[in-house]
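Asks: Can you read through this structure? Questions will come right after.
The numbers here are math on the coordinates, done by the rules we state, and not lab data. Remember, predicted model here, so these are calculated numbers, not experimental data. Note that each Cβ is placed from the backbone with ideal geometry, even for glycine, and that neighbours are counted across all protein chains shown.
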Amino acid sequence: MITQTPKGTRDILPSESYKWQFLERQIADLCADFGYKEIRTPVFEHTELFQRGVGDTTDIVQKEMYTFLDKGNRSISLRPEGTAGVVRSYIENGMASLPQPVKLYYNISAYRYEKMQKGRYREFHQFGVEAFGSKGPSIDVEIISMIKLFFDRLGLKNIGLNINSIGCPVCRKQYNDKLKEYLRPSLGDLCGVCNDRFNKNPLRIIDCKEEKCRKVTVGAPSILENLCEECKNHFEGLKSGLDNLGIKYNVDKNIVRGLDYYTKSVFEFISDNVGAQGTICGGGRYDGLVESCGGNPTPGIGFGLGIERLLLEMESQGIVIPEQKEIEIYIAAIGEEADIYAQKLVFDLRSKGIAAEKDLMNKSLKAQMKYADKLGAKYSIVLGEDEIKNSKATLKNMKKSEQAEIALDSLYEEIINRR
Ligand code: HAM
């Protein structure tokens, strides 16, 4: 047991971590281009925040949260997603008084007690953004275009974008009544969970994956055809904004999303390569969330993009992420004096930003050169008594089998000139 990670969690080893670092750099650049600043919130929050924020009727809150009492008897939960914590922080830190919109992004780990499968873990990672204060569809377009550009920059192709509107509390209430009327005669044919949803959140029944529920909902009225004037105009604004940027989308009236806070626009980026559910990124507008968490009424919108699923997608599209900085030079040494000299040389080169290595294991010269090769070092030199006495050595290009005699005190320049 103690030599195994808990189910649903994974180590990110050096053979993988450079990919994560690459994505983190891409994300930081993307967010800078779009004017989003990074926020870091705690891994755990008061359970009530998620009950209120994510919603009591969601699978996440009902079944999937890692919740425990701390030593002070407070109910604490590991964050199952990023939005609720950011909303809490927006309110707590008085961000309403900052120039609006307030545009934030995060790279986080999140925790859900889910059934493990491809692309679904109990500890997973999200790149997310949240934007507060803007109520028109322009920011919806901005946020979707940001994800599209991110995928384009990574070289990803054929990722579908589905959009929908799930209305506001006014038209949703009317729609829910209509939907319940439609579903009532078939209640016995719905699964247990949907029977429960019937009173608490009937819209979610549309999203149920159970075959018997799908049969019942196939002819159900859709929220999209029951929007109020304002929500309809908002959705039209979103669509024409996406058209304006040349971003292709499908309107999918079955997207309702698994979290309770959404209003108006919802969207998902999907692919067949990332597991059963196929969603790489999901998001939408949540105009009532800040108020329901105790702040002033404030519109908001954001998305969460699963990093594990993104990596799966990149892999299946054959996209290669460049490896981290390679070792430029390996300095092999024969004898104690040369070893001390090598230590100084390596330090000087590193101080100037050149990735250099030397022996740390008392290896033979042959073993040192073998190791240099394994490291993928571009150049090597061998230091012995003569080299130190003459301050000269042979710089060997390990990839091209070329070599040149150089002065040791110009080693830095020699490497730079060959770059
Ligand atoms: P979500 O749809 O629950 O939305 O999650 C967003 C993304 O996180 C998913 O599309 C998926 O890529 C990834 N994800 C979710 N659960 C798992 C899991 N168990 N294993 C691996 N990846 C997973 C949210 O979390 C919202 N907070 C998004 C949002 C932000 N909406 C507005 N602002």
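Asks: I need the strands (runs of 3 or more DSSP E) fully contained in the stretch 1-95, keeping only those with at least 1 residues that are within 16 Å of the ligand (Cβ to nearest atom).
Replies: Because the criterion is at least 1 residues that are within 16 Å of the ligand (Cβ to nearest atom), the strands (runs of 3 or more DSSP E) in the stretch 1-95 that meet it are 44-46, 75-78.
Asks: Is it true that some residue in the stretch 280-300 is aliphatic (A, V, I, L, M) and within 11 Å of the ligand (Cβ to nearest atom)?
Replies: Yes, the stretch 280-300 has at least one match.
Asks: If you scan the stretch 370-409, which residues turn out to be without any contact (Cβ under 8 Å) to a residue 60 or more places away in the chain, in contact with a strand residue (DSSP E or B) (Cβ under 9 Å, 6 or more places away or on another chain), assigned to a helix (DSSP H, G or I) and within 17 Å of Glu328 (Cβ to Cβ)?
Replies: Tyr371, Ala372, Asp373, Leu375 - these are the residues of the stretch 370-409 that are without any contact (Cβ under 8 Å) to a residue 60 or more places away in the chain, in contact with a strand residue (DSSP E or B) (Cβ under 9 Å, 6 or more places away or on another chain), assigned to a helix (DSSP H, G or I) and within 17 Å of Glu328 (Cβ to Cβ).
Asks: For the stretch 98-133, what are the residues that are in contact (Cβ under 8 Å) with a residue 60 or more places away in the chain, more than 17 Å from Thr41 (Cβ to Cβ) and either more than 10 Å from the ligand (Cβ to nearest atom) or charged (D, E, K, R) (or both)?
Replies: Glu114, Lys118, Arg120, Arg122, Gly133
Asks: Given Arg52, Arg79, Arg74, which one is closer than 17 Å to Arg122 by Cα and among the charged types (D, E, K, R)?
Replies: That would be Arg79, the only listed residue that is closer than 17 Å to Arg122 by Cα and among the charged types (D, E, K, R).
Yes/no matrix, rows are residues, columns are (1) under 39 Å from the mean Cα position of the chain (by Cα); (2) loosely packed, with under 12 Cβ neighbours inside 10 Å; (3) farther than 17 Å from Gln368 by Cβ:
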{"residue": "Leu383", "(1), (2), (3)": "no, no, no"}
{"residue": "Lys392", "(1), (2), (3)": "no, no, yes"}
{"residue": "Glu405", "(1), (2), (3)": "no, yes, yes"}
{"residue": "Leu408", "(1), (2), (3)": "no, no, yes"}
{"residue": "Leu411", "(1), (2), (3)": "no, no, yes"}
{"residue": "Glu414", "(1), (2), (3)": "no, no, yes"}
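Asks: Here's a follow-up. Scan (1) in contact with a Phe, Trp or Tyr (Cβ under 9 Å, 6 or more places away or on another chain); (2) within 16 Å of the ligand (Cβ to nearest atom) for the single condition Pro322 breaks and write down its number.
Replies: Pro322 satisfies all of (1) in contact with a Phe, Trp or Tyr (Cβ under 9 Å, 6 or more places away or on another chain); (2) within 16 Å of the ligand (Cβ to nearest atom) except (2).
Asks: Regarding Leu242, is this residue farther than 28 Å from Phe50 by Cβ, under 26 Å from the mean Cα position of the chain (by Cα), of a type outside the set (D, E, K, R) and in a helix (DSSP H, G or I)?
Replies: Taking the combined requirement at face value, the residue satisfies it.
Asks: Which of the residues spanning the stretch 172-209 are outside any helix (DSSP H, G or I) and loosely packed, with under 15 Cβ neighbours inside 10 Å? First the steps, then the outcome.
Replies: Quick first cut of the stretch 172-209, residues outside any helix (DSSP H, G or I) only: 190-191, 201, 208-209.
Scanning the stretch 172-209 gives a single hit, Lys209.
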